[in-house]
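Student: Take a look at the following structure, please.
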Amino acid sequence: MFAAAAPPAVASLALPAVLPRAPLRCRWVTPCVTAAPAPAPSPRREDSLKITQVHVQAMRSSEESNSDEDDEILSELKEKWDAIENKSSVLVYGGGAIIAVWLSLIVVKALDSVPLLPNILELVGLGYSGWFVYRYLLFKENREELVNGFDALKKRITGDEE
């Protein structure tokens with residue numbers, strides 16, 4: 001088209017009607033796509049690609065005994081809840097405990113993101129565990145001291161001091 005209208009010197013500079021395709025350049029982000037057809041899968045591969053469905057149904061073995069146990073547990077929980085005089089303080093303490101656990105998880109995640117700090121804390125934990133084993137678990141008289149300390153703490157918590 002350009003060759004007919006253009007002088008002979010310009011006709012040699014005209015672009016061809018179809019441009020050659022540029023070669024594909026592979027990047028590490030996207031895989032290269034080639035025009036070659038994919039080979040047909042082997043018969044073994046076709047069998048391994050089949051997905052089977054398994055239907056699982058959970059059933060109770062004896063519904064009467066479990067429903068009786070459920071009723072007992074619910075009635076016991078109702079009795080304990082009714083025995084509590086100050087229900088609002090129980091809810092406040094429960095909510096506070098949930099918030100404390102949530103905040104502690106946030107703090108642990110923040111500490112875990114600091115470089116080298118998790119490794120240092122692991123070493124501190126290993127050192128303390130070694131000291132605890134040496135101090136309380138290695139010798140018999142120290143184990144008795146630990147058991148007596150637990151018993152005293154249990155009596156103080158439950159109020160069974162005699």
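Student: Please determine whether any residue of the stretch 61-78 is touching a Leu at 6+ places or on another chain (Cβ under 8 Å), assigned to a helix (DSSP H, G or I) and modelled with pLDDT of 90 or more.
Tutor: no
Student: Another question about this same structure. Out of the residues in the stretch 120-150 that are among the aromatic types (Phe, Trp, Tyr) and open to solvent by less than 70 Å² (accessible area, probe 1.4 Å), which is farthest from the chain's Cα centre (by Cα)?
Tutor: Within the stretch 120-150, the match that is farthest from the chain's Cα centre (by Cα) is Tyr136.
Student: Restricting attention to the stretch 108-119, which residues are open to solvent by 80 Å² or more (accessible area, probe 1.4 Å) and in a helix (DSSP H, G or I)?
Tutor: Val108, Lys109, Asp112, Asn119
Student: Let me ask something else about it. Is the stretch 146-161 home to any residue that is of a type in the set (Ser, Thr, Tyr) and either modelled with pLDDT under 95 or not in a helix (DSSP H, G or I) (or both)?
Tutor: Yes, the stretch 146-161 contains a residue that is of a type in the set (Ser, Thr, Tyr) and either modelled with pLDDT under 95 or not in a helix (DSSP H, G or I) (or both).
The values are calculated or read from the model by the stated rules, or taken from the named source; none is laboratory data. Since this is a predicted model, take the numbers as computed values, not measurements. As a convention, Cβ positions derive from the backbone with ideal geometry for all residues, glycine included, and neighbour counts pool all protein chains shown. Calculation scope for accessible area: heavy atoms of the full protein, side chains included, ligands and nucleic acids excluded. Shrake-Rupley method; radii C 1.70, N 1.55, O 1.52, S 1.80 Å.
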